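Shown next, in structure tokens, is the structure this report addresses.
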Amino acid sequence: MTRPEYAVFLGLDVGKEEHHACGLDPDGERVHDKPLPQDEAKLRALFDKLANRGRVLVVVDQPATIGALPVTVARDAGVDVAYLPGLAMRRIADLHPGNAKTDARDAYIIAEAARSMPHALRRVDVGDEALADLEVTVGYDDDLAAEVTRVTNRIRGLLTQIHPALERAIGGWLHHKAVLELLTRFGGPTGLRAAGRRRLTAVAKPRAPRIHTKIVDAVLAALDEQTVVVPGTTAAERVLPKLATQLAGLLAERADAARQVEEMLDAHPLSTVLTSMPGIGVRTGARILLEVGDGSAFPTPGHLAAYAGLTPVTRRSGSSIRGEHPNRGGNKKLKNAMFQAAFAALHDPASRTYYDRKRAQNKKHNAAIICLARRRCDVLYAMLRDGTPYTTKAPSAA
């Protein structure tokens, strides 16, 4: 990031109840080095005091959660704010002597990085209430997604343990309301077998009008494949209904969170630009918006792609080591959103043609998707820069 002339570089190693603040002047001399309570009045007093020396840059290692209050107070006091990513901070820390890990040392390293390596800093987006609300909701949705995965895996694990054929039959439909209701009502294989076709159909039909017969047939066929009762089946029959109820509740909460995210995203001026691109839906669009903003923090599309971890890493040493390797760094959340969006865009003719071209070059599926995501990154950058929606071009032959 471009650095104006600052009189004080204030590094904040943020904490839950207390931060540590270290201020350096342009020559690297300490002008402040003390603990700082997580208190608005104390924060404001320090910022005002340092502002008497001239322009102040506050740098935090966490701009959200426990770092949200100092960032907000600094902005309100007219102080510039930047963010030093944790991974960059730890690498910079290796350049300094000593192995100690203290708040005072971390605050000094943050301030020194701001003074001597401004290219390592990231911009903290201007405080936008709508984006702050969106970030909280998207974070909650991410937590729900992790819980859904955990409970789903637990159900499938139990079914695999006591009745593998039943797991194969309904494992892929576990998120369907009809299957969850069957597990809630009747439990595992013993309860499902005792219920019989008529009761299973009566429960499944209202929740799956078109495929209820297929579901019931699959369940009954799977039950006929196993005649022995595996130890642990009795306990599983008691646990499965509770897990199915829990999973149904989590899925309902995710659906509600998705509606909230969609409403918040629709209210943002860049919403139509983002969602016009094939493959970008509500959740991926919200994540990209939170991580990239309007794209103005990135000088070129290459900078954005590197930030997302979509650019290959070149490794060369003499004549023996030469080549490019997948990038394991970058912003993991943004990279995941770009990967998912590229995969979902395979129905788009232009995206599919480019994917097929990469597959014809003997690239594996994931590598071809990464290549497609990298190309789409250039298009996304131009869309955000110009504020224009996606336009379809006729694809060239593979």
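Observations on the model:
- Counting DSSP beta bridges with both ends in the chain, the antiparallel % (nearest 5): 70 percent
- Peptide ranges 220-227, 72-79 listed from the most packed, as the mean C-beta count within 10 angstrom indicates: 72-79, 220-227
- Label-point gap, in nm, between Ala145 and Lys333 - each point 7 angstrom along Cα→Cβ: 1.1 nm
- Projected over all directions and averaged, the alpha-carbon convex hull of segment 271-386 occupies 7.9 nm².
- Where GluC sites (Glu not before Pro) fall in DSSP loop in segment 1-54, at most 15 other Cβ within 10 Å: Glu5, Glu17, Glu29
- Cβ charges +1 (Lys, Arg) and -1 (Asp, Glu), total dipole of the chain, debye: 2200 debye
- For segment 185-316, a simple Cβ point-charge model (Lys and Arg +1, Asp and Glu -1, everything else neutral) yields a dipole of about 660 debye relative to the Cα centre.
- Per-peptide packing, taken as the mean over residues of other Cβ atoms within 10 Å, places 331-341, 85-95, 189-199 in the sequence 331-341, 189-199, 85-95 from highest down.
- Interchain or long-range residues, amide H under 5 Å from Ala308's placed H: Asn331
- Going from the residue with the fewest nearby Cβ atoms within 10 Å to the one with the most, His303, His212, His20, His365 rank His365, His303, His212, His20.
- Of all aspartates and glutamates in the structure, the ones whose alpha carbon falls short of 12 Å from that of Lys34, not counting any fewer than 8 places away in one chain, are Asp13, Glu18, Asp103.
- Alpha-carbon Debye profile of the chain, log10 I(q)/I(0) at 0.10, 0.12, 0.13 Å⁻¹: -0.88, -1.07, -1.13
- Span-like helix ranges in the chain, DSSP H, alpha carbon extent 24 angstrom or more, Kyte mean at least -0.5: 129-162, 233-266, 365-386
- Taking 29 Å as the straight-line reach from the Cα of Lys333, the lysines in range (excluding those fewer than 8 positions away in the same chain) are Lys16, Lys101, Lys358, Lys363, Lys364, Lys393.
No lab work stands behind these numbers, since they all come straight from the coordinates. None of these values were measured; they are calculated from a predicted model. Every residue, glycine among them, receives a Cβ derived from its backbone with ideal geometry; neighbour counts consider all protein chains shown.
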